[in-house]
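K.L.:
Got a structure for you, written out below as structure tokens; questions coming shortly.
The values are calculated or read from the model by the stated rules, or taken from the named source; none is laboratory data. Everything numeric here is computed off the predicted structure, so don't read it as measured data. Backbone-built Cβ (ideal geometry, glycine too); neighbour counts: all protein chains shown.
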């Protein structure tokens, strides 16, 4: 079978699984008897689904993998500094839902940063390639904005499901500004590295996550969670 055709079918299978898993997750969060299991499974689902989407996006590309590792370390370090200082995002602390922590930050949060920002980068770069001939600054501004918007429904879910908690009643404005700046810097590093994502899986994963969060927000506002 042609490699391109094989990749197309492999991507379709992975996307079907991802959509099915997160659709089941919505139902599981809405049903009282399964709700505790959904919380317990959260870090493992994020790890496995995120890693699968990431591998389909980078392929066996050592340079790309090193960029992902560097982004993981950078964003994780920002989170550690943020948790312990309150300077970057505001005063907050992580709860128990996201699993094993190192220096008070869940290990999975670094991977989450990588896949969310990479999804935003891929969407932004394709739009900028069509409109502004791949302008790096345009891509970084758009990816930063998409990432900050992504955080809006995430914050509601995070506080209600004990991903993290704020000292203030709601997430402060500086949190969204920080998300934008971090994503902006990561996108610049991506552009300067000359990397290119493969396929559309990471775009779908970004959309899946965003829709998942919005639907959870609806359940929260409907007082079903």
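K.L.:
Kindly indicate which of 163, 112, 176 is under 17 Å from residue 54 (Cα atoms) and either out of contact with any helix residue (DSSP H, G or I) (no Cβ under 8 Å at 6 or more places or on another chain) or in contact (Cβ under 8 Å) with a residue 24 or more places away in the chain (or both). First the steps, then the outcome.
P.N.:
Working: 163 fails: under 17 Å from residue 54 (Cα atoms); 176 fails: under 17 Å from residue 54 (Cα atoms).
After ruling out the rest, the residue left standing is 112.
K.L.:
Would you mind telling me which numbered condition in (1) under 24 Å from residue 175 (Cβ atoms); (2) surrounded by fewer than 18 Cβ atoms within 10 Å (Cβ to Cβ); (3) touching a residue at least 60 places away in the same chain (Cβ under 8 Å) residue 46 fails?
P.N.:
The one condition residue 46 does not meet is (2).
K.L.:
Something else now. How many residues are outside any helix (DSSP H, G or I) and surrounded by fewer than 20 Cβ atoms within 10 Å (Cβ to Cβ) when one looks only at region 139-170? Full working, then the answer.
P.N.:
Of region 139-170, the ones outside any helix (DSSP H, G or I) are 161-170.
From the residues that got through so far, the ones that are surrounded by fewer than 20 Cβ atoms within 10 Å (Cβ to Cβ) too are 161-162, 165-170.
Adding up the residues that qualify gives 8.
K.L.:
Given the residues 93, 84, which is the only one that is closer than 30 Å to residue 169 by Cβ, in contact with a strand residue (DSSP E or B) (Cβ under 7 Å, 6 or more places away or on another chain) and exposed (fewer than 15 other Cβ atoms within 10 Å of the Cβ)? Steps first, please.
P.N.:
Working: 84 fails: in contact with a strand residue (DSSP E or B) (Cβ under 7 Å, 6 or more places away or on another chain).
Result: 93 is the single residue among 93, 84 that is closer than 30 Å to residue 169 by Cβ, in contact with a strand residue (DSSP E or B) (Cβ under 7 Å, 6 or more places away or on another chain) and exposed (fewer than 15 other Cβ atoms within 10 Å of the Cβ).
K.L.:
In a helix (DSSP H, G or I), within 17 Å of the chain's Cα centre (by Cα), surrounded by 12 or more Cβ atoms within 10 Å (Cβ to Cβ) and without any contact (Cβ under 8 Å) to a residue 24 or more places away in the chain: which single residue out of 77, 51, 24 fits that description? Working first, answer last.
P.N.:
On the way: 51 fails: without any contact (Cβ under 8 Å) to a residue 24 or more places away in the chain; 24 fails: within 17 Å of the chain's Cα centre (by Cα).
One residue alone meets the criteria, 77.
K.L.:
Any idea which residue in region 127-137 is modelled with the lowest pLDDT, counting only those that are touching a helix residue (DSSP H, G or I) at 6+ places or on another chain (Cβ under 7 Å) and surrounded by fewer than 19 Cβ atoms within 10 Å (Cβ to Cβ)? Don't jump to the end; show me each part of the working.
P.N.:
At the first step, the residues of region 127-137 found to be touching a helix residue (DSSP H, G or I) at 6+ places or on another chain (Cβ under 7 Å) are 127-128, 132, 134-136.
Remaining after also requiring surrounded by fewer than 19 Cβ atoms within 10 Å (Cβ to Cβ): 127, 132, 134-136.
Details: 127: 84, 132: 54, 134: 59, 135: 77, 136: 82.
It comes out as 132.
K.L.:
Quick check on my filter: what residues within region 177-213 are part of a loop (DSSP other than H, G, I, E, B) and closer than 20 Å to residue 74 by Cβ?
P.N.:
Result: 194, 195, 197.
K.L.:
Another question about this same structure. For region 89-101, which residues satisfy the criterion of being within 19 Å of the chain's Cα centre (by Cα) and over 11 Å from residue 79 (Cα atoms)?
P.N.:
95, 96, 97, 98, 99, 100, 101
Residue by residue, here is whether (1) modelled with pLDDT of 95 or more; (2) out of contact with any strand residue (DSSP E or B) (no Cβ under 7 Å at 6 or more places or on another chain); (3) within 18 Å of residue 163 (Cα to Cα) holds:
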| site | (1), (2), (3) |
| --- | --- |
| 44 | yes, yes, yes |
| 55 | no, yes, no |
| 61 | no, yes, no |
| 68 | no, yes, no |
| 75 | yes, yes, yes |
| 80 | yes, no, yes |
